[in-house]
Amino acid sequence: MAGTVGKDQGAISHAQTFDNQPGAAGETHQIAPAGGEVLTTSQGVPVADDQNTLRVGERGPALLEDFHFREKIFHFDHERIPERVVHARGYGVHGVFTLNESLAQYTTAKVLTEVGEQTPMFVRFSTVAGNKGSFDLARDVRGFAAKFYTKEGNWDLVGNNIPVFFIQDAIKFPDLVHAAKPAPDREFPQAQTAHDNFWDFITLTPESMHMIMWTMSDRAIPRGFRFMEGFGVHTFRLINAEGSSTFVKFHFKPRLGLQSVMWNEAVKINGADPDYHRRDLWDAIDLGAPPEWDLGVQLFDDAFAEQFEFDVLDPTKIIPEEQIPVRIIGSFVLNGLVDNFFAETEQVAFCTQNVVPGIGFSNDPLLQGRNFSYLDTQLKRLGGPNFTHIPINAPRCPMHNFQQDGHMAMRNPKGRANYEPNTWGGPRESPTTGYRHFAEPVSGQKGQLRPESFGDHYSQARQFFISQAPIEQKHIGDALVFELSKCERVDIRQRMVGHLLNIDEKLAKAVASGLGMKTMPEPARAQRPTRMDLPPSDALSIVKRIPGTFEGRKLGILVTDGAPSALVTALTERVKALKAVYEIVAPHIAGAELDDGTLVEAKQKIDGGPSVLYDAVALVVSEAGAKTLSKDKTALDFVNDAFAHGKFIGHTASAKTLFQKAGVEQGDEGVVLLETVEDVAEFLRACGQLRVWDREIKNDLDAEGFLEANDVTY
């Protein structure tokens, strides 16, 4: 693989040597060298034997006085803490945020006003519905939570890779999550929403329709964390020195651009590498190519909020970038791997209420509920109120208060005073630098209310759909058919198609056709009619914003004995120059002997390195190698899947046999013959387009009845 030797690889190549002594039954006793680290108990007592419990005689009963065994097994028995109810499967890394443009006109927050200031960060990516042991590439929202360790305290921006949410009021959180999780009687399906409970809830919750368009789109199956946008979801406030407020929405824009996988590809990746997203992020940082994002803001005042087509407090709505462009004010790089997953990624606690002076909340009812819920959940998960004493959660600025005691307290007030006011000393409030809430005038009738301005549930869902490229629209339709096909109850499917009729009639008809519905249901009752005048927004599409570069991507190079060394060298060198990576795949893990006699080592044996793991592939094979591979079902799958998933395929002329056996046509623009170094350069330039989407249209015309059904063409 391209790049420097990572610390994992370094650790393997520099394994320590110990004095290994066999015990009476052949068990291995590794003896600490003179001056080396000695194994101890948690109390610091040196351990003489870590292989055997204390017992009476060789075959007698164990003794309770073996305090080392008791302490070791006691700690092991209590290693697990409750996993998160949602966002259980996550992956965290450290980073640094740098501000490039001051927002001093709008806020007093130093993290957003001091240009050039570098603020440490910790970011945790996650899926939402699955448990800790679920696979990475579920169709799901991705959490994108960022903790900024600022000079004024911790600021948590607890976002997602989708800018809207399923519900408008936090009181529906338990219902949404219960519906999405495995059914309580049977405890399946895991990490999937393709089941009756979820769609039963969704079809009775029309406010979810905008979010459904996003989760059924390719946004819900990202290529990796490095290729995702992040959104703060809610409308927040910035508060300046005069106490004036400006509304703000936060955005994270990936420097590598957006990219997703196909559903068939995702299913196969989950089988080949369920840790695909984790491994991708770890490898990128470990190899010296840390991902970067731009941090941007949409700023607007009360006047805009009043004339905007929708309510800015509604978390199921966006403000299109064409109406308020995202203003880039800084960037962050995620360049630090964790030392220990549990201590950092598992114990990190994000709370939406964690803001610093100059940043405040709007009256978004979902945000208000999250402010309460997130603090409460940390108490359950981390065992007590002192989770801020855990290093990953502790502020990096001075912290002083009179809070004391509780489980696992690492610090308590020193001296006699544990209260204030007092005459002994200690920290005191600061009206000049302390946090000030925005003085918003509030009046109204107390009641369990929802504003009528939250009542349009279909217009932005339609806007998102018509903003997608044709292939993306097809994928939304395919996803809806797949998910609804898993619903056993016909009435649930019919209700969803009724909602789709309020979004896009062609989409509704295509989904109905894919489900084999003979008659169309009535449109769902709409609180407000769907607006047909909202224009498409290219910012909502992935395909319309293809980065045009292969940087940060991975090429799989399938080689055999006798393959041309010059082409292998040209490919590997050119990939490095593009700041991409490659893996050598071969029939054997030992690698292959090229035509000049050199041995190229393999990273993957072919049955462990399917083409779904790569953004593009190159078949650099000899005549004899191609003949051998053409008899191997795994090799044929490698070629067939790469073609079916619209990937660019470079190949030597000798690969013709392999193509024929796999049933793949070579006349495709994405299938490129490699004979010279110039061919390699041209092939990798083409790979910057990432996919040949016309191939899917051409070869999948009747999939699920789409594109042809009811004269539907996207």
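The values are calculated or read from the model by the stated rules, or taken from the named source; none is laboratory data. In this text, all values refer to a predicted model and were calculated from it rather than measured experimentally. Cβ: placed from backbone, ideal geometry, glycine included. Neighbour counts: every protein chain shown. For accessibility, only protein heavy atoms count, side chains too; no ligands or nucleic acids. Shrake-Rupley method; radii C 1.70, N 1.55, O 1.52, S 1.80 Å.
Computed from the C-beta positions of Arg525 and Glu322 and an R0 of 30 Å, the FRET efficiency is 0.45 to the nearest 0.05. Between Asp77 and Ala24, the contour length at 0.36 nm per residue exceeds the Cα-Cα span by 16.2 nm. Backbone amide hydrogens, once placed in the peptide plane, bring Ser537 within less than 5 Å of Ser467, excluding anything fewer than 5 places away on its chain. Take the Cα of Phe438, step 7 Å along the line toward its Cβ, and report every residue of the stretch 360-390 whose backbone nitrogen sits under 18 Å from that point. Answer for this model: 360-372.
Per atom type, the stretch 317-380 shows carbon and sulfur on 53% of its accessible surface, probed at 1.4 Å. The gain in end-to-end length when the Asp50 to Ala343 segment is fully stretched comes to 103.0 nm, 0.36 nm per residue minus the alpha carbon separation. Residues Asp302, Asp273, Asp49 ordered from highest to lowest accessible area at a 1.4 Å probe: Asp302, Asp49, Asp273. Percent relative contact order of the stretch 546-665, based on C-alpha pairs within less than 8 angstrom and at least six residues apart? Answer for the stretch 546-665 is 27 percent.
Electrostatic tally near Phe454: other residues with Cβ closer than 12 Å to its Cβ, Lys and Arg +1, Asp and Glu -1, net -4.
Taken about its Cα centre, the stretch 559-714 carries a charge dipole of about 380 debye when Lys and Arg each add +1 at the Cβ and Asp and Glu each add -1 at the Cβ.
For the stretch 224-340, the relative contact order works out to 30 percent when only alpha carbon pairs closer than 8 Å and six or more residues apart are counted. If exposed GluC sites (Glu not before Pro) are those in a DSSP loop with at most 10 other Cβ within 10 Å, what is the longest stretch of the chain that has none? That gives 243-428 as the longest site-free run.
Taking Cα centroids, how far is the stretch 29-80 from the stretch 340-401 in Å? Comparing the Cα centres of the stretch 29-80 and the stretch 340-401, I get a distance of 37 Å. When the Cα positions of Ala272, His251, Leu287 are compared along the charge dipole of the stretch 225-297, His251 comes out farthest toward the positive end, with charges on each C-beta of Lys, Arg, Asp and Glu. Residue by residue, the stretch 138-143 carries 3J(HN,Hα) couplings of 5, 6, 6, 5, 10, x Hz when phi is fed to the Karplus relation 6.51 cos²θ - 1.76 cosθ + 1.60 (θ = phi - 60°); x denotes Gly or Pro. A Cβ-based charge dipole, computed about the Cα centre of the chain with Lys and Arg at +1 and Asp and Glu at -1, lands at about 1220 debye.
Residue by residue, the stretch 388-399 carries 3J(HN,Hα) couplings of 6, 7, 5, x, 5, 9, 6, x, 9, 10, x, 9 Hz when phi is fed to the Karplus relation 6.51 cos²θ - 1.76 cosθ + 1.60 (θ = phi - 60°); x denotes Gly or Pro. Here the 3J(HN,Hα) profile of the stretch 470-484, calculated from phi with Karplus coefficients 6.51, -1.76 and 1.60 at θ = phi - 60°, is x, 5, 5, 5, 4, 5, 4, x, 4, 5, 4, 5, 4, 5, 6 Hz, Gly and Pro shown as x. Of the chymotrypsin sites (Phe, Trp or Tyr not before Pro) found in the stretch 397-470, the ones in coil according to DSSP and having at most 16 other Cβ atoms within 10 Å of their Cβ are Phe402, Tyr419, Trp424, Tyr435, Phe438. What is the Cα centroid distance between the stretch 562-641 and the stretch 153-224, reported in whole angstrom? Taking the Cα centre of each part, the stretch 562-641 and the stretch 153-224 sit 40 Å apart.
Take every pair of alpha-carbon atoms less than 8 Å apart whose residues are at least six positions apart; their mean separation over the length of the stretch 473-576 yields a relative contact order of 20 percent.
As a calculated quantity, the FRET efficiency between Ala15 and Ala272 at R0 = 35 Å, using C-beta atoms, amounts to about 0.80.
Answer with a single label: of (1) 26.2, 87; (2) 28.6, 90; (3) 31.7, 130, which was calculated as Rg and Dmax of the Cα atoms in Å from the structure in view? Comparing each candidate, only (2) matches the computed number. Computed per residue of the chain from DSSP H runs no shorter than four, each worth -39500 (n - 2.57), the mean residue ellipticity at 222 nm is -8000 deg cm²/dmol. Tally Lys and Arg at +1 and Asp and Glu at -1 over the other residues with C-beta under 11 Å from the C-beta of Ala681: what net charge comes out? So the environment of Ala681 carries a net charge of -2.
Highest mean packing first, where packing is the average number of other Cβ atoms within 10 Å per residue, the peptides 176-182, 648-654 line up as 648-654, 176-182. Close amide-amide hydrogen proximity is noted between Ile359 and Ile239, each under 5 Å apart and 5 or more residues distant or on a separate chain (H modeled in the peptide plane; Pro and chain starts excluded). Prolate is the label for the stretch 267-381, because a/c, from the alpha-carbon gyration tensor with a ≥ b ≥ c as root eigenvalues, is 1.5 or above and a/b exceeds b/c.
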